[in-house]
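First the structure, in the form of structure tokens, and then the observations on it.
The values are calculated or read from the model by the stated rules, or taken from the named source; none is laboratory data. All figures in this text were calculated on a predicted structure; none of them were measured in a lab. Virtual Cβ from ideal backbone geometry, glycine too; neighbours counted across all protein chains shown. For the accessible areas, the whole protein counts, side chains as well, though only heavy atoms, and no ligand, DNA or RNA atoms are used. Shrake-Rupley method; radii C 1.70, N 1.55, O 1.52, S 1.80 Å.
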Amino acid sequence: MTYYFRELQDQQEMLNWLHLRYTIYNSTRCAGFLKTNDDEIDVDHYDLRSRHYGLFVEEADEQKLIGGLRIIQNKPVLSSIRMLKEMGILDNQQVVKETAVLPIMSYFEDQKSANFGTLIKESPVATEGSRLVLNKDYQSLRLAKFIISNAIIMHLLLEEDWTAFVSCNPLHARLYHSFGFKDVCSQTTWAKDAPISALYLQDGFVAPDKREELEDLAAAYETNGYTVYEHTRVQKVAARRTA
């Protein structure tokens, strides 16, 4: 199967993305991050400061959205503001303005060793990878790695120094460490009834065994506006019982 990673292009893709986030989060212990609504979409203030990316699978000559993530910036993203306003979503949903520059900072505000301020001051660009989701029918470690790789290359394409944060389940921290992410602090915490670890990445920390592959991926994205992953899904066959 052929998978594509690219930025969302129109209002229908954005609506599909917000609905996918709601559907997946609502079926996990991360449901506490959602605001229940009749439209069944997940949207908050940080969407106005995010670039939104989707993972698509090619089926029947069409690209179907099956996952993605948003990369929250430390400044507004005008294209996202414009699209969400034109869709009327900001009028229909009660979007509360958040005080923390990045959501991860609010989770660890009581942790003295979580020195976000110093890390952010070191870089003109501070981001947080957020709402990484995959349709349950396509969940695999390989696709999760593909999404994380693409999130990293969006930073490698920047001309300014950057610091990329991510909050994740402590059980998933090892995956991020394999890319070069470091712990912001040794403690974990709880947010909306979900366990959280805080990690960060800077250009100089990218794992040496991953850099060449990531730079090739970045070059492909810069040329085409998307990246491609080819993978053959193995169909599970029920074992026959014999007498």
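Which condition does Asn224 not pass, out of (1) under 18 Å from Ile120 (Cα atoms); (2) open to solvent by 70 Å² or more (accessible area, probe 1.4 Å), if it passes all the others? Here Asn224 meets the rest and fails (1).
No other residue among Leu48, Leu55 is in contact (Cβ under 8 Å) with a residue 60 or more places away in the chain and buried (at least 19 other Cβ atoms within 10 Å of the Cβ) apart from Leu55. Can you find, within segment 69-120, the residue that is nearest to Phe56 (Cα to Cα) among those that are among the aliphatic types (A, V, I, L, M) and assigned to a strand (DSSP E or B)? It comes out as Leu69. Does Ile72 satisfy being among the β-branched types (Val, Ile, Thr) and crowded, with 21+ Cβ neighbours inside 10 Å? Taking the combined requirement at face value, the residue satisfies it.
Checked against (1) open to solvent by 30 Å² or more (accessible area, probe 1.4 Å); (2) within 20 Å of Gln139 (Cα to Cα), Thr99 meets all criteria but (2).
Looking only at residues of segment 176-216 that are in a loop (DSSP other than H, G, I, E, B) and in contact (Cβ under 8 Å) with a residue 60 or more places away in the chain, we find that the one that is surrounded by the most Cβ atoms within 10 Å (Cβ to Cβ) is Val184. For segment 126-138, the count of residues that are in contact with a Pro (Cβ under 6 Å, 6 or more places away or on another chain), acidic (Asp, Glu) and not in a helix (DSSP H, G or I) is zero.
Residue by residue, here is whether (1) free of Cβ contacts under 8 Å to residues at least 40 places away in the same chain; (2) on the phi < 0 side of the Ramachandran plot; (3) open to solvent by 10 Å² or more (accessible area, probe 1.4 Å) holds:
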residue: Glu122; (1), (2), (3): no, yes, yes
residue: Glu128; (1), (2), (3): no, yes, no
residue: Asn135; (1), (2), (3): no, yes, yes
residue: Lys145; (1), (2), (3): yes, yes, yes
residue: Asn150; (1), (2), (3): no, yes, no
residue: Met154; (1), (2), (3): no, yes, yes
residue: Asp161; (1), (2), (3): no, yes, yes
residue: Ser167; (1), (2), (3): no, yes, yes
residue: His172; (1), (2), (3): yes, yes, yes
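How about segment 34-63: which of its residues are β-branched (Val, Ile, Thr) and in a strand (DSSP E or B)? Steps first, answer last, please.
Narrowing segment 34-63 to residues β-branched (Val, Ile, Thr): 36, 41, 43, 57.
Within segment 34-63, just Val57 meets the criteria.
Here the condition is being at pLDDT 95 or above and among the polar types (S, T, N, Q); of Thr232, Thr227, it holds for Thr227 alone. The residues listed here are Tyr3, Tyr25; of these, the one that is among the aromatic types (Phe, Trp, Tyr) and open to solvent by 10 Å² or more (accessible area, probe 1.4 Å) is Tyr25.
Of all residues in segment 3-53, those satisfying the criterion of being at pLDDT 95 or above and of a type in the set (S, T, N, Q) are Gln9, Gln11, Gln12, Asn16, Thr23, Ser50. Among the conditions (1) part of a loop (DSSP other than H, G, I, E, B); (2) modelled with pLDDT of 90 or more, the only one that Ile66 does not satisfy is (1). What's the number of the condition Val206 fails, among (1) over 22 Å from Thr28 (Cβ atoms); (2) hydrophobic (A, V, I, L, M, F, W, C); (3) in contact with a strand residue (DSSP E or B) (Cβ under 8 Å, 6 or more places away or on another chain)? It is condition (3) that Val206 fails. Please verify whether Ile89 is open to solvent by less than 20 Å² (accessible area, probe 1.4 Å) and more than 19 Å from the chain's Cα centre (by Cα), treating the condition exactly as stated. Yes: the conditions hold for Ile89.
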